[in-house]
Amino acid sequence: MRRRWRSAMSPITNWRKSSYSGEESDCVEVGISPDLVGVRDTKDRDGGTLVFGQPTWGRFLAAVKAERFR
């Protein structure tokens, strides 16, 4: 049985497919709310969502842009 994460915070909306996914079937989507960011598999939208706070997501994006994961 899967557990669904629920929060009193704003629901995650505005899902969009990664621009790096192109026409491939292996894609991720990112959704935002005022206080949260979610990441999920495009092919399995009900399979679960990784959820991050906006500050954590911002630090992750800054690290990616600075190429700190190479």
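Local charge sum around residue 61 (other residues, Cβ-Cβ under 15 Å, Lys/Arg +1, Asp/Glu -1)? If you can, show how the numbers build up before the last one.
Values: positive: 16, 59, 65, 68; negative: 67.
Combined, the nearby Lys, Arg, Asp and Glu give +3.
What accessible area, in Å² to the nearest ten, does a 1.4 Å probe give for residue 67?
About 110 Å², ignoring ligands and nucleic acids.
Explain nothing, just compute: Karplus ³J(HN,Hα) = 6.51 cos²θ - 1.76 cosθ + 1.60, θ = phi - 60°, for every residue of region 55-65 in order, whole Hz, x for Gly and Pro.
With the stated coefficients, region 55-65 comes to x, 5, 4, x, 5, 4, 4, 4, 5, 5, 5 Hz.
The values are calculated or read from the model by the stated rules, or taken from the named source; none is laboratory data. The shown structure was predicted, so the numbers you read here are calculated from the model rather than taken from an experiment. Every residue, glycine as well, gets a Cβ built from its backbone with ideal geometry; the counts of neighbours run over all protein chains shown. Surface areas here come from the heavy atoms of the whole protein model, side chains and all, with no ligands, DNA or RNA. Shrake-Rupley method; radii C 1.70, N 1.55, O 1.52, S 1.80 Å.
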